[in-house]
1. State which residue pairs qualify: first residue at positive phi and inside the range 261-279, second residue within 14 Å of the ligand (Cβ to nearest atom) and part of a helix (DSSP H, G or I) in any location, beta carbons under 8 Å apart, and separation of 6 or more residues or different chains.
2. Restrict the check to the range 95-112 and report whether at least one residue is at pLDDT 95 or above, surrounded by fewer than 19 Cβ atoms within 10 Å (Cβ to Cβ) and over 15 Å from the mean Cα position of the chain (by Cα).
3. For the structure I just gave you, tell me whether Thr131 is buried (at least 21 other Cβ atoms within 10 Å of the Cβ) and either aromatic (Phe, Trp, Tyr) or more than 16 Å from Ile220 (Cβ to Cβ) (or both).
4. Give the range 62-94 a look and list any residue that's in contact with a strand residue (DSSP E or B) (Cβ under 8 Å, 6 or more places away or on another chain), surrounded by fewer than 15 Cβ atoms within 10 Å (Cβ to Cβ) and closer than 25 Å to Pro263 by Cβ, or say none.
5. Only one of these conditions is not met by Thr21: (1) touching a Gly at 6+ places or on another chain (Cβ under 9 Å); (2) away from the ligand (no atom under 16 Å from the Cβ); (3) among the hydroxyl-bearing types (Ser, Thr, Tyr). Which number is it?
6. If only one of Ser55, Ser71, Ser83 is more than 16 Å from the ligand (Cβ to nearest atom) and either among the hydroxyl-bearing types (Ser, Thr, Tyr) or under 23 Å from the mean Cα position of the chain (by Cα) (or both), which one is it?
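The values are calculated or read from the model by the stated rules, or taken from the named source; none is laboratory data. The structure displayed is predicted, hence computed values, not measured ones. All Cβ positions, glycine included, derive from the backbone under ideal geometry; neighbour counts span all protein chains shown.
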Amino acid sequence: MRNLLDIMDLSTEELDGLIRTALDIAENPEKYAECCRRKKLATLFFEPSTRTRLSFEAAMYELGGRVIGFSEASSSSVSKGESVADTVRVVSNYADIIAMRHPKEGAPLVATRNAKIPVINAGDGGHHHPTQTLADLLTIYKEKGSFEGLTIGLCGDLKYGRTVHSLVNAMSRYEGVRFVFISPEELRFPRYIITDVLDKKGIPYSETASLEDAIPGLDILYMTRIQGERFEDKDEYERLKDSYVLTPEKLIPAKKDMAILHPLPRVNEISVAVDSDPRAKYFEQTLNGKYMRMALILKLLGLDGSKEEPKESVKSIFLEGLKCPNNRCISKTEQELRQEFYAADEEKGIYRCVYCDTEVRK
Ligand code: CP
């Protein structure tokens, strides 16, 4: 059984296959209209969502299937103290596939260990958001015709913005890609992805606080919202929330074919005046998300004719007395969940939490 927790669960060939299927669905929707007849998708959303939940639901309906679920934790028995593990054990009896969003990082991993049906991570805290990356990849592919040789600028909240973490992981597989990380010092891109992914593969990147300096060199500008809900220090959020606002004036030195992406929702980081610029692709990105989610549902239900590729499971270990220090980790709240780690650099005594990838040292 396949799940999707992290975009790296999919091989490059599988990503290519999903893109091909999504493009075919967009061209020939009638061909797919009955593929999921008698199948049910459960949308378990413990955190607010417009695009992800509704595009999953639209995707399942357009495949001829049905949808059950909830859109906030307060309308489920989680509000009475039920665990993630028990919730998915129960839902496994009612549905064929689960799409789950949760504020705690690693909650979808707990779900996969307890569900009898495939689980899709629809966003876990500031950790991963792989189906947004599917939407991003289709948008980039349609705009550029290839993923190779692109300079991608990621701007805004690179610390808590889970979509940028998944996108960098995915794009790091392609030749000639380089990244420009544009953020305030406090919201820099996570070091663990830089060391584990970019440094290991020798992928060039630079970091700057200036959007104006970075913009002329970019093929893709990926704007993000400052994620107020993830800050422990609300004063820090107030100080940083207006760090970047993309305006038509700031776009003057940009390449004529630069594509502007944003996972949405936007607050004020892209001026509404930019929407009419032909380079603005963020609303098309939301439609691409629906097609990619349709392709993904078909794949995980084994209805796309592709062969299942075995996935190596993470080898976890228990380190006596060590606890994950991340307050957003599911291990802080899920009942009787054991602390588990995997080795990042055993010689240096560096380990990471299996749920949220936060570093711990022995
Ligand atoms: N991009 C995204 O995840 O949007 P929602 O929070 O509305 O689902």
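1. The qualifying pairs are Leu264/Arg51; Leu264/Tyr282; Leu264/Gln285; Leu264/Thr286.
2. no
3. Numbers: buried (at least 21 other Cβ atoms within 10 Å of the Cβ): yes; either aromatic (Phe, Trp, Tyr) or more than 16 Å from Ile220 (Cβ to Cβ) (or both): yes.
Yes: the conditions hold for Thr131.
4. Glu72
5. That leaves (1) as the condition not met.
6. Details: Ser55 fails: more than 16 Å from the ligand (Cβ to nearest atom); Ser71 fails: more than 16 Å from the ligand (Cβ to nearest atom).
Residue meeting the stated conditions: Ser83.
Residues checked against (1) buried (at least 17 other Cβ atoms within 10 Å of the Cβ); (2) over 19 Å from Val197 (Cβ atoms):
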{"position": "Lys307", "(1), (2)": "no, yes"}
{"position": "Leu319", "(1), (2)": "no, yes"}
{"position": "Ser331", "(1), (2)": "yes, yes"}
{"position": "Ala343", "(1), (2)": "no, no"}
{"position": "Glu346", "(1), (2)": "no, no"}
